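First the structure, in the form of structure tokens, and then the observations on it.
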Amino acid sequence: MDIHLSFWVANMIVSAISVVVLSALLVVYAKNFRSIRSTFSVGLVLFAVLFLVQNIAAIALYLAMAAADYGLSVSLPMLALNIAELSGFAVLFRISWQ
């Protein structure tokens with residue numbers, strides 16, 4: 001496997017993990033909405049849904065970019081952004097779970 005393909009696969013894996021974390025956040029936020037019924041809770045549910053859609057679409061786009069032979073100049077910065085995004089989601093999940 002070419003090195004640039006490895007970075008695209010890593011991007012897809014990080015995005016898939018983000019999908020899992022965001023799904024868990026969505027469950028937490030939906031439970032909060034059912035019990036609290038506030039507009040803030042609606043905003044949190046919408047936040048999770050939109051980022052969930054974005055990460056699912058990103059996986060498909062990363063597959064297309066890997067097939068189109070986009071190199072390290074694209075995949076490496078995207079990986080850094082995806083890791084930063086996943087870190088933020090993980091912190092948000094930890095705070096929301098408590």
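Residues satisfying the criterion are absent from segment 33-51 (criterion: over 18 Å from the mean Cα position of the chain (by Cα), under 23 Å from Met12 (Cα atoms) and not in a helix (DSSP H, G or I)). Residues that are of a type in the set (D, E, K, R), touching a residue at least 60 places away in the same chain (Cβ under 8 Å) and outside any helix (DSSP H, G or I) are absent from segment 71-91. The set of residues from segment 64-96 being exposed (fewer than 13 other Cβ atoms within 10 Å of the Cβ), of a type in the set (A, V, I, L, M, F, W, C) and within 17 Å of Met1 (Cβ to Cβ) comprises Ala67, Ala68.
In this structure, does Val19 turn out to be at pLDDT 95 or above and over 26 Å from Trp97 (Cα atoms)?
no
To keep it simple, each residue is scored yes or no on (1) in contact with a Phe, Trp or Tyr (Cβ under 7 Å, 6 or more places away or on another chain); (2) modelled with pLDDT of 95 or more.
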position: Ser38; (1), (2): no, no
position: Val49; (1), (2): no, yes
position: Gln54; (1), (2): no, yes
position: Ala58; (1), (2): no, yes
position: Leu61; (1), (2): no, yes
position: Ser75; (1), (2): yes, yes
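The values are calculated or read from the model by the stated rules, or taken from the named source; none is laboratory data. Predicted model only: the values in this text are computed from it and were never measured. As a convention, Cβ positions derive from the backbone with ideal geometry for all residues, glycine included, and neighbour counts pool all protein chains shown.
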